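First the structure, in the form of structure tokens, and then the observations on it.
We did not get these values from a lab; they are worked out from the coordinates using the rules stated. Keep in mind it's a predicted model, so treat the numbers as computed, not measured. So basically every Cβ, Gly included, is an ideal-geometry build from the backbone, and we count neighbours across all protein chains shown.
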Amino acid sequence: MHTTALVLFSGGQDSTTCLAQALSRFERVETIGFDYRQRHSVELGARQVVLEQVRTQFPQWAGRLGEDHLLDLAVLGQVSDTSLTRDTAFKMESSGLPNTFVPGRNLLFLTLAAALAYRRGLEVMVTGVCETDFSGYPDCRDDTMKAMQLALSLGMDKRFLIDTPLMWIDKAATWRLAHSLGGDKLVSLIIEHTHTCYLGDRKHRHAWGYGCGTCPACELRARGYAGFLQPAP
Ligand code: ZN
């Protein structure tokens, strides 16, 4: 039985839901985030606010929530040329992937997370990757996660588990999962404080939270929220 976890936490809807789930399951939970010179540092600000809100609004979880680790990954901006790290517009590449895809990003995140988990004695790494959503990032696929789990466990000679609670559910189900874990209070926290919009928009408030409303991340979040408000199938 595992009792400790490290959550890859970006301050977005998905990783906040994963954090809530980890806090309801594990006795000690730490968080890790990465500063890779995202075009918009809004995301990094959201991390701090969400952690603070979780601590104050959920006393049953506050005692389990341990240290937050923010790693400097500026090097990722040096090797990639994508619309998340450079000031270029969104488009689909000829590969069929959106140019928001940062090659190797999740592989690097998981490797560094495992190294930190090793040092901190944390057994499970939790990540909000999902194969169900439109984007089809290859480093979010279940096969990739299973391969990473094996490679990291072998390479560090320590049994790691990579837990992916959102892998097979869509965004509406992610909202429902948040509701089942923390009720309306957690749903409100996610709406108010998590950040998903690719354009870093915190000016426009919608029923589902802040964002430009038109980028792929906003569209997905909005559609999921609309589905969440419908009766469950
Ligand atoms: Zn947006």
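Observations on the model:
- Phi angles across segment 156-169 convert, under the Karplus curve 6.51 cos²θ - 1.76 cosθ + 1.60 with θ = phi - 60°, into 3J(HN,Hα) values of 10, 6, 8, 7, 9, 10, 9, 9, 10, x, 9, 3, 10, 10 Hz, Gly and Pro given as x.
- DSSP bridge orientation in the chain - percent antiparallel, rounded to nearest 5: 15 percent
- Stokes-Einstein diffusion coefficient of segment 4-192, Kirkwood radius over Cα pairs, 4 °C, 1.567 mPa s, in µm²/s: 76 µm²/s
- Between ASP142 and LEU154, the modelled labels are 2.2 nm apart [label points 7 Å from Cα along Cα→Cβ].
- For TYR118 and VAL79, the difference between the fully extended length at 0.36 nm per residue and the C-alpha to C-alpha distance is 11.4 nm.
- Sum of -39500 (n - 2.57) over DSSP H runs of 4+, divided by residues of the chain (222 nm, nearest 500): -14500 deg cm²/dmol
- Subtracting the Cα-Cα distance of MET1 and THR111 from their residue separation scaled by 0.36 nm leaves 37.3 nm.
- Selected from HIS204, HIS69, HIS179 as most flexible by GNM, with the chain as the system and alpha-carbon contacts under 10 Å: HIS204
- Placing pseudo-labels 7 Å out from each Cα toward the beta carbon at GLU67 and ALA226 gives an inter-label distance of 4.5 nm.
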